[in-house]
Amino acid sequence: MQGEMSNIDGLPLSREMQDLQNRFNTMMHTINSNSKVAAFMNSSLGQYLDDHPFLALLLLVFTIMSAVPVGLFLIFAVVTSLLACIGFIVMEGLMLSIGGVVLLCFLCGMVLISLAISSLLAICYFTFSTTMNYYHNASTASKKEETISPSANMCPGNTESKSTKVE
């Protein structure tokens, strides 16, 4: 047990800490040697955060903690937009389909009404035409009889008709 205690309180622990500190310093040197980090640290905001480490830590923690909710919100916004677009396309297709069916029904109704009106007009035309032909033929025949019989009465050479009438 005492060997474990000396390991925690003794010299080997400080060597591990020095190794950890050296690795941390190497990592910080790599980060600070990046051109973008160097440009940010030379800016006024970078110098202000370098002078106020608590504020820099607060900003870092806030940025890390807000990344998940902001990411979830952005995913929600993108998914909602995609679903809205898909829903709009589906709704537009549905409305066009319903409109097409209504137009088809309206045009079929117009065909039936046009057929009925055309049939009625054709029946009226044929009826009127047949009636007019009948009356025209009847009046033409009676006019022919009238024109034939007065000419027979007026002819002086035709005495038989006069004598038959007297007798």
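Miscellaneous remarks
Conditions (1) outside any helix (DSSP H, G or I); (2) surrounded by 10 or more Cβ atoms within 10 Å (Cβ to Cβ); (3) at pLDDT below 75, marked per residue:
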| residue | (1), (2), (3) |
| --- | --- |
| GLY109 | no, yes, no |
| SER118 | no, yes, no |
| ASN133 | no, yes, no |
| SER139 | no, yes, no |
| SER149 | no, yes, yes |
| GLY157 | yes, no, yes |
| SER161 | no, yes, yes |
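- Residue within segment 67-76 that is assigned to a helix (DSSP H, G or I) and closer than 25 Å to ASN32 by Cβ present: yes
The values are calculated or read from the model by the stated rules, or taken from the named source; none is laboratory data. This is a predicted model, so every value here is computed, not measured. Note: ideal-geometry Cβ built from the backbone for every residue, glycine included; neighbour counts use all protein chains shown.
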